[in-house]
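**Student:** A single structure is presented below for examination.
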Amino acid sequence: MSMSSDFESDGGMLNEINMTPLIDVMLVLLIIFIVTLPVIHGAVNVELPQMSNKAVDQKDHTVDVSVAADGVIYWDKQPVSDGELQGKVAAAAAQGVEASPVVRIYADKAVRYERVAFVLSSAQGGGLSKIDFVTDKAEVK
């Protein structure tokens with residue numbers, strides 16, 4: 001004879017999973033990933049200084065290197081071959097670090113990137129470290 005009553009049944013247990021703790025954990029993980037992901041990718045928020053519209057006085061000696069749309073390279077408006085470019089870079093670099101000219105690169109927007117990369121590597125490989133890219137001023141719309 002069993003002495004059980006209706007109160008000793010399963011005690012009103014629910015057979016469902018409580019999703020609230022799982023959702024809380026997932027939200028915390030999401031916030032952690034949102035905060036740490038920019039740090040992992042090296043993103044740094046930097047407030048850059050404003051640029052003035054004044055022209056900069058060029059006290060240094062400058063050399064203008066232009067790369068036309070057809071890939072022809074000009075050294076101070078005179079066309080040069082690839083070998084001549086490397087010779088002129090070596091001659092300019094031989095003046096010394098303090099007297100070496102600033103190389104201003106004028107590259108047509110339609111020129112292939114490999115030609116601009118060749119000019120850059122020739123200048124840097126030849127010992128010229130002061131390199132500027134010259135662009136047109138953007139029009140305000």
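Each reported figure results from applying straightforward, stated rules to the coordinates on display, with no laboratory input. The model shown is predicted, which means the values in this text are computed figures rather than measured ones. Quick reminder, even Gly has a Cβ in these numbers, built from the backbone with ideal geometry, and neighbours come from all protein chains shown.
**Student:** For a quick check of your reading of the filter: which trypsin sites (Lys or Arg not before Pro) in region 101-140 sit in a DSSP loop and have no more than 14 other Cβ atoms within 10 Å?
**Tutor:** Those satisfying the criteria are K109, R112, K137.
**Student:** Taking 2.2 N^0.38 Å as the expected size of a compact globular protein, what ratio does the Cα radius of gyration of region 62-133 give against it, to two decimals?
**Tutor:** 1.00
**Student:** Let me ask another. What percent do you get for the relative contact order of region 62-133 when only Cα pairs under 8 Å and 6+ apart count?
**Tutor:** After rounding, I find 38 percent.
**Student:** Can you compute the FRET efficiency between R112 and L37 using 1/(1 + (r/R0)^6), with r the Cβ-Cβ distance and R0 = 41 Å? Round to the nearest 0.05.
**Tutor:** Here the calculated transfer efficiency is 0.70.
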